[in-house]
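First comes the structure, then the notes that go with it.
The values are calculated or read from the model by the stated rules, or taken from the named source; none is laboratory data. Everything numeric in this text was worked out from a predicted model, so none of it was measured. So basically every Cβ, Gly included, is an ideal-geometry build from the backbone, and we count neighbours across all protein chains shown. Remember, those area values only see protein heavy atoms, side chains included, never the ligands or the DNA or RNA. Shrake-Rupley method; radii C 1.70, N 1.55, O 1.52, S 1.80 Å.
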Amino acid sequence: MKFFIDTANLDQITEAQDLGILDGVTTNPSLMAKEGITGDDAVNVHYKTICGIVDNNVSAEVIGTSFNEIIREGELLAALNPKIVVKVPMIKDGIKAIKHFSSKGIKTNCTLIFSAGQALLAAKAGASYVSPFLGRLDDISTDGIALIKEIRLIFDNYNYPTEILAASIRGPLHIVACAMAGADAITAPLHAITALLKHPITESGLATFLADYEKAGTRRDIIAVTS
Ligand code: G3P
């Protein structure tokens, strides 16, 4: 499963990249605004900086909602760096734009997916990724993981190459549930990713190992001599 970090914060992106498990970054206008990045020039510079940190895909969202606006913006974003994936909202003109980008070899991420029908339409148009929003479905008492399973079944039925990028992840259990449901990728805040590291028995077990090492005393010297 691919791991993306859902932020525009450069320190957090760098920390996730340094972990060695990062497959890319997703952003949206809200995440950009949270970092105080405003105006097209500043946003474009920020995308270029992010592309310089990570190895793979960086989802950059268009603001336009008409076909012509989405195409114009998306082509400008895609020209910034080959790592850019144009993030397009799930609207009628968005679907038309995804079809256009697909024919031009420009990768797309269809965002704001809340139903299997929307995901099917985006896959049919040639989206590289669909982004179902789990947390926001949970917020309205709807089962987001059930949606991932439905999309998985549909995409497998027709061998659609579109990848399921589960978004709006709120914690580590969402990530594990997505992996069990067959999501191709998740995008999550750093705290949800690093929470996967933690287990109280790991921590107490390591504390015991280190205490026993201190009691034994000389093991590090033995390693130094034999290595
Ligand atoms: O980037 C899209 C999605 O991950 C947003 O998540 O937490 O704002 O619902 P959230």
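Residue-level check: of (1) open to solvent by 30 Å² or more (accessible area, probe 1.4 Å); (2) more than 16 Å from Ala122 (Cα to Cα); (3) out of contact with any Ser or Thr (no Cβ under 7 Å at 6 or more places or on another chain); (4) free of Cβ contacts under 8 Å to residues at least 60 places away in the same chain, Asp23 misses just (4). For the range 155-170, a residue qualifies if it is part of a helix (DSSP H, G or I) and within 14 Å of Tyr129 (Cα to Cα), and exactly one does: Phe155.
Kindly establish whether Leu173 is modelled with pLDDT of 95 or more, within 16 Å of the ligand (Cβ to nearest atom) and not in a helix (DSSP H, G or I). Answer is no for this residue. The set of residues in the range 34-47 being open to solvent by 70 Å² or more (accessible area, probe 1.4 Å) and either among the β-branched types (Val, Ile, Thr) or under 15 Å from Thr14 (Cβ atoms) (or both) consists of Thr38, Val45.
Screening the range 84-135 for residues that are part of a helix (DSSP H, G or I) and among the polar types (S, T, N, Q) and picking the one that is nearest to the ligand (Cβ to nearest atom) gives Gln118.
Here Asn68 clears all of (1) open to solvent by 70 Å² or more (accessible area, probe 1.4 Å); (2) assigned to a loop (DSSP other than H, G, I, E, B); (3) out of contact with any helix residue (DSSP H, G or I) (no Cβ under 8 Å at 6 or more places or on another chain) except the condition numbered (2). Out of Ile84, Ile91, Ile98, Ile106, one residue alone is in contact (Cβ under 8 Å) with a residue 24 or more places away in the chain and surrounded by 24 or more Cβ atoms within 10 Å (Cβ to Cβ). It is Ile98. For the range 176-213, a tally of residues being charged (D, E, K, R) and either within 14 Å of the chain's Cα centre (by Cα) or surrounded by 12 or more Cβ atoms within 10 Å (Cβ to Cβ) (or both) returns 1. Just one of (1) open to solvent by less than 40 Å² (accessible area, probe 1.4 Å); (2) more than 15 Å from the chain's Cα centre (by Cα); (3) away from the ligand (no atom under 16 Å from the Cβ) fails for Cys51. It is (2).
Ser115: touching a strand residue (DSSP E or B) at 6+ places or on another chain (Cβ under 9 Å) and surrounded by fewer than 19 Cβ atoms within 10 Å (Cβ to Cβ), yes or no?
Judged against the criteria, Ser115 is a match.
Would you mind stating whether Leu210 is more than 16 Å from the ligand (Cβ to nearest atom), of a type outside the set (D, E, K, R), in a helix (DSSP H, G or I) and at pLDDT 95 or above? Criteria not met by Leu210. Among the residues of the range 54-63, those identified as over 12 Å from the mean Cα position of the chain (by Cα) and crowded, with 20+ Cβ neighbours inside 10 Å are Glu61, Val62.
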